[in-house]
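Have a look at the structure below before the remarks.
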Amino acid sequence: MSMKKRVKLIGSALFLTPMLLLAACGGGNDTGASNEDAENYPERDISGVIQWGEGGATDNISRTLAPLAEEELGGTLVMENREGASGATGAQYVYDQPADGYTLLFGAENPNLYQVLGISERDYLTDFEPVSIIGQSYAGIVVKEDSPFESLEDLIDYSTENPGDITMGTSGEGGLPHVASAMLQAELGTEFNQVPYDGDGPLATALLGDEIDATVLAVSAAQEYVESGDFRMLAVINDEPLDSAPDVPAITEAYPEFEKYLPWGPFQGVFAHKDTPDAIIDKLSDSFEKAQENEEFQETLENLGVNPLNINGEEAIEYLEQNRSTSTWMLYDAGATETSPEEFDIPRVDEE
């Protein structure tokens, strides 16, 4: 699968905590390490904090990569899920720990939206250093296999004719379903009854249990359910079909007006506190880069419909800048937030 452009996006959990509450959780952070410490790093277990719940795309990719990174680092990664507040709970926790390389954030694209949504003052480009951007994936609109909605047009037509009747499972403000619903409402006038869950895993469970009528999942999280015959993917939110789901139409096939938002999709990455010594960041980045070259891991990403990136350093920072610009302005233009990205000095992509 080829990546037509560097893309953009937004991926999954519950919006609970306003910016000021999360800001109160931590302020300054003692680095707790020096460049000299990198020579023997790691000397103890490293905590890997996944900002989403179990069973979602970020969780699956992170836990698949972790043992490969352990081999390269010569240490142990102890993985844990700290979901909540659209991933802001996990991000804040990592930010509050000593900047010594022993607490890493395994995150998705959501922190790029926290400021404009008022979720948290934390931000990838201000508060974290990218160890690795693993890959970029895509979002799919899914229903249960026995759903009466056979196509995306069926779902849209029913929603516009029966406002609020369709229950759309979301992962909180700033998550994939929330942003996708905002785009659908802005362009097509849909209106869903939105019910929040803690990420892709709980959303899939809710759809299986008929608690919701539809949701938007990362293709990498939905794929196994589609292949098992449990879910039907009505469309991928992209401007062309995906190699991993060739029979699923792109949203622009039925609604070409979405072209202006695309391509768009979630990404996964590994991040350390911004004040972590350069030598430790370099060691981490080198280890994760080598780990991702593993052939089986590459096959896993391919099977999940994830476009491998495996970038770090300045290239990763540039990717994050472009993603934040595209994502925040897309959200603002779709009417999902009243806060302009200009308030945070975020330019439009074409203005950079």
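Quick notes on this one:
- Sole residue being open to solvent by 10 Å² or more (accessible area, probe 1.4 Å), without any contact (Cβ under 8 Å) to a residue 40 or more places away in the chain and either of a type in the set (Lys, Arg) or not in a strand (DSSP E or B) (or both), chosen from 198, 146: 146
- Of everything in the stretch 236-254 that is of a type outside the set (S, T, N, Q) and in contact with a helix residue (DSSP H, G or I) (Cβ under 7 Å, 6 or more places away or on another chain), the residue that is surrounded by the most Cβ atoms within 10 Å (Cβ to Cβ) is 251.
- Test result for residue 78, farther than 18 Å from residue 203 by Cβ and surrounded by fewer than 18 Cβ atoms within 10 Å (Cβ to Cβ): yes
- All of 90, 172, 75 fail the test of being part of a loop (DSSP other than H, G, I, E, B), touching a Lys or Arg at 6+ places or on another chain (Cβ under 9 Å) and not aromatic (Phe, Trp, Tyr), apart from 75.
- In the stretch 81-97, the residues that are of a type outside the set (Ser, Thr, Tyr) and open to solvent by less than 10 Å² (accessible area, probe 1.4 Å): 84, 85, 87, 88, 90, 91, 92, 94
- Test: residue 121 is in contact with a strand residue (DSSP E or B) (Cβ under 8 Å, 6 or more places away or on another chain), of a type in the set (D, E, K, R) and either assigned by TED's automatic domain parsing to the domain that holds residue 313 or open to solvent by less than 10 Å² (accessible area, probe 1.4 Å) (or both): no
- Of all residues in the stretch 214-235, those that are open to solvent by 10 Å² or more (accessible area, probe 1.4 Å), hydroxyl-bearing (Ser, Thr, Tyr) and assigned to a helix (DSSP H, G or I) total 1.
- In the stretch 149-169, the residues that are surrounded by fewer than 20 Cβ atoms within 10 Å (Cβ to Cβ) and part of a strand (DSSP E or B): 167
- Filter pass, residue 179 being of a type in the set (A, V, I, L, M) and surrounded by fewer than 24 Cβ atoms within 10 Å (Cβ to Cβ): no
- Within the stretch 90-113, residues that are outside the structural domain of residue 280 (by TED's automatic domain parsing) and more than 15 Å from residue 130 (Cβ to Cβ) reach no partner that is open to solvent by 10 Å² or more (accessible area, probe 1.4 Å) and at pLDDT 95 or above with beta carbons closer than 8 Å at six or more positions or on different chains.
- Selection status of residue 207, open to solvent by less than 10 Å² (accessible area, probe 1.4 Å), touching a Lys or Arg at 6+ places or on another chain (Cβ under 6 Å) and not in a loop (DSSP other than H, G, I, E, B): yes
- Here residue 128 fulfils each of the conditions (1) more than 16 Å from residue 90 (Cα to Cα); (2) open to solvent by less than 10 Å² (accessible area, probe 1.4 Å); (3) among the aromatic types (Phe, Trp, Tyr) apart from (1).
- Complete set of residues in the stretch 319-332 that are in contact (Cβ under 8 Å) with a residue 40 or more places away in the chain and over 19 Å from residue 137 (Cβ atoms): 321, 328, 332
- Matching residues in the stretch 98-115 - criterion: being in contact with a Pro (Cβ under 9 Å, 6 or more places away or on another chain), modelled with pLDDT of 95 or more and open to solvent by less than 10 Å² (accessible area, probe 1.4 Å): 99, 101, 105
- Residue in the stretch 83-97 that is modelled with pLDDT under 95, under 18 Å from residue 197 (Cβ atoms), within 15 Å of the chain's Cα centre (by Cα) and of a type in the set (Val, Ile, Thr) present: no
The values are calculated or read from the model by the stated rules, or taken from the named source; none is laboratory data. The shown structure was predicted, so the numbers you read here are calculated from the model rather than taken from an experiment. Counting neighbours? That spans all protein chains shown, and the Cβs are built from the backbone with ideal geometry, glycine included. Just so you know, the surface numbers come from the protein's heavy atoms only, side chains and all, with ligands and any DNA or RNA stripped out. Shrake-Rupley method; radii C 1.70, N 1.55, O 1.52, S 1.80 Å.
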